[in-house]
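All remarks here apply to the structure that follows.
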Amino acid sequence: MKWLFWNVDFEGVDPARHARLVLARVLERGRLVDVRWAIERYGLDRIHRFFRDEGHPELTERTVRFWRAALNAENEAWASGPAWRRSSSAPWMD
């Protein structure tokens, strides 16, 4: 999983203290084995709370939609990412 934390000191990442960062990286970019680790480590209830109450700027709408369906939470209000992440307009697109 070290490759998911290319910009931080991996040895200094504490899964308990840095759960928000770990969940964001693993659930957004991780392999299946990484996601399974996160589910075992944090549990589905904690992952659900992460999406519902916290969110993270690194999470794409695609990932959020997937976890909404996976957690059967389509009708819940979830934390939304920053405006720049929600926007689909990019300066190089028409």
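Quick notes
- Cβ-Cβ distances below 8 Å connect the following pairs, each with a first residue in segment 52-75 that is free of Cβ contacts under 8 Å to residues at least 60 places away in the same chain, a second residue that is polar (S, T, N, Q), and a separation of six or more residues or different chains: GLY55/SER80.
- The set of residues in segment 16-34 being loosely packed, with under 14 Cβ neighbours inside 10 Å and not charged (D, E, K, R) consists of ALA16, LEU32, VAL33.
- Conditions (1) surrounded by fewer than 16 Cβ atoms within 10 Å (Cβ to Cβ); (2) part of a helix (DSSP H, G or I): number failed by PRO57: (2)
- Restricting segment 65-94 to residues that are more than 20 Å from ILE39 (Cβ to Cβ) and assigned to a helix (DSSP H, G or I), the residue that is modelled with the highest pLDDT: ALA83
- Scanning segment 1-15 for residues that are loosely packed, with under 15 Cβ neighbours inside 10 Å and either assigned to a helix (DSSP H, G or I) or at pLDDT 95 or above (or both) gives LYS2, TRP3, PHE10, GLU11, GLY12.
The values are calculated or read from the model by the stated rules, or taken from the named source; none is laboratory data. This is a predicted model, so every value here is computed, not measured. Because the Cβ atoms are built from the backbone with ideal geometry, glycine has one as well, and the counts that use them run over all protein chains shown.
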